[in-house]
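Worksheet: one structure, shown below.
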Amino acid sequence: QVQLVESGGGLVQAGGSLRLSCVASVSTFSFEIMAWYRQAPGKQRELVAFISSGGNTNYAGSVKGRFTISRDNAKNTVYLQMNSLKPEDTAVYYCNTYYGSLAWGQGTQVTVSS
């Protein structure tokens, strides 16, 4: 059974940093374009960043320059380093493939206080 397990969220003050991790128990991980998404209360889930199998990255405009996505194929893990956090970054963060093809995990809550 494919699982996505996100961790690393928490409560942080504006300007702070967090590093999220996501372990994907899927045999094709190293070939997948992996992505981070977030969903704020009352809003639709949005794509935050994605990384190709070769390490090319892309970011939503709202996080560009502050967030960094990376991956470790040996560990089936994708990371999201979040710096200079803002209250508007508050959301539940999820990982999945770029196409959302895996069953969604429970996510990890990130709360940024002003």
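General observations
- Contact order for the stretch 25-96, expressed relative to its length and based on alpha carbon pairs under 8 Å spaced 6+ residues apart, stands at 34 percent.
- For the stretch 29-69, the square roots of the Cα gyration tensor eigenvalues, ordered a ≥ b ≥ c, give a/c of at least 1.5 with a/b no greater than b/c, which places it in the oblate category.
- At a probe radius of 1.4 angstrom, the accessible area of the chain per residue rounds to 52 square angstrom.
- Put a plus charge on the Cβ of each Lys and Arg, a minus charge on the Cβ of each Asp and Glu, and nothing anywhere else: the dipole of the chain about its Cα centre is then about 140 debye.
- Surface share of carbon and sulfur [accessible, 1.4 angstrom probe, percent] for the stretch 75-114: 47 percent
The values are calculated or read from the model by the stated rules, or taken from the named source; none is laboratory data. Quantities reported herein were computed from a predicted structural model and do not represent experimental measurements. Because the Cβ atoms are built from the backbone with ideal geometry, glycine has one as well, and the counts that use them run over all protein chains shown. Areas reflect the complete protein model, heavy atoms only, side chains present, ligands, DNA and RNA absent. Shrake-Rupley method; radii C 1.70, N 1.55, O 1.52, S 1.80 Å.
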